[in-house]
C-alpha cells in the first residue's frame, strides 16, 4: 500500500532559526514529490516539486532534497519568519494511469517571535 | 494565483438541510477533487473526477455526492446535513499527466448545528 509519513507532526521554533521537515514514502512506481504549504484556513499551495533525477531544489528560503534510493525527502527552512507558520504537506505522485496522489499527514510549524 | 473558486466560504445550517458546495476552475483542468479536512488534521480524499461524466469515490467514505456535467464545474451535495458533516471541504484541480501540481480553492467551512 502506498504511504507517506511525515515527521515531526508539529514543531515550534523561534523566529530566525532554521528547521528541517522529513517525508518518507513507499509510493511505487514513483513519479514526483511535492511539498505544499497550507496557511490556517486556506488551501495548500505548492512550494516545490522533486522528480526522480533531482537531489536538491531551492525556492527562496525553502530547500527540498530527495533521496530516491532511501525514498526520503526533506524540506529545510532557513532563517524562519513568522509567516512560515503553517502546515507543510508532502504529496507523492505515482507513475500510473491515474497519477494517483498519496498525501502525508503534514507537519504543523509554529514560528514564535 | 490559482483560478479555482469555491462558494460559499462559510456556511452554518441546521440539521436535515440540503446543501451544495460549488467549485469552479477556469484552467481547463481535466482532474478535479474534493477533500475533507478537520482543523489541524490531514486532508482526506472524498471524491474525484477525471473528466466530464466521470466521478469516483475517494478513500474516505462520505455521504455526499458529486457531479461533473461541465469540465469547469464540480459541485458537492449533501442531501441531509448532520453535525458529523461539520468540516472544511477543499476543492482542487490539475491537468491530466504533466507534473501534477494540484491547485486548491480557498475551501468551504461547513458547520451543521
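Each value in this text was obtained by applying a stated rule to the coordinates, not by laboratory testing. Not measured: the values here are computed from a predicted model. Positions of Cβ are backbone-derived with ideal geometry, glycine not excepted, and every protein chain shown enters the neighbour counts.
Note on residue A:20 and residue B:17: the model spin-label points, each 7 Å out from Cα along the C-beta direction, lie 5.0 nm apart. For the pair residue A:61 and residue B:7, label points projected 7 Å from Cα toward Cβ lie 3.7 nm apart.
Take every Cα pair under 8 Å whose residues are at least 6 apart in sequence, average their separation, divide by the length of the range B:1-87, and the relative contact order is 32 percent.
Counts of other chain beta carbons within 10 angstrom of each beta carbon in peptide A:100-113 average 2. A Cα-only calculation for the range A:17-113 places Rg and Dmax at 13.3, 46 Å.
Full extension of the chain segment joining residue B:27 with residue B:57 gains 8.5 nm, where the gain is 0.36 nm per residue of separation less the Cα-Cα distance. Over the range B:62-111, Cα pairs under 8 Å with separation of 6+ residues give a relative contact order of 29 percent.
DSSP beta bridges confined to the protein assembly as shown are antiparallel in about 90 percent of cases.
Does the range A:1-56 come out rounded, prolate or oblate by the C-alpha gyration tensor, with a ≥ b ≥ c the root eigenvalues, rounded set by a/c under 1.5 and, if not, prolate when a/b is larger than b/c and oblate if not? In terms of gyration-tensor shape, prolate. Within chain B, antiparallel bridges make up roughly 90 percent of the DSSP beta bridges whose residues both belong there. Take each residue of peptide B:39-45, count the partner chain Cβ atoms within 10 Å of its Cβ, and average: the result is 5. Within the listed set B:64, B:24, B:84, the residue fluctuating most in the Gaussian network model of chain B (springs between alpha-carbon atoms under 10 angstrom) is B:84.
When only Cα pairs below 8 angstrom with a gap of at least 6 residues are kept, chain A shows a relative contact order of 37 percent.
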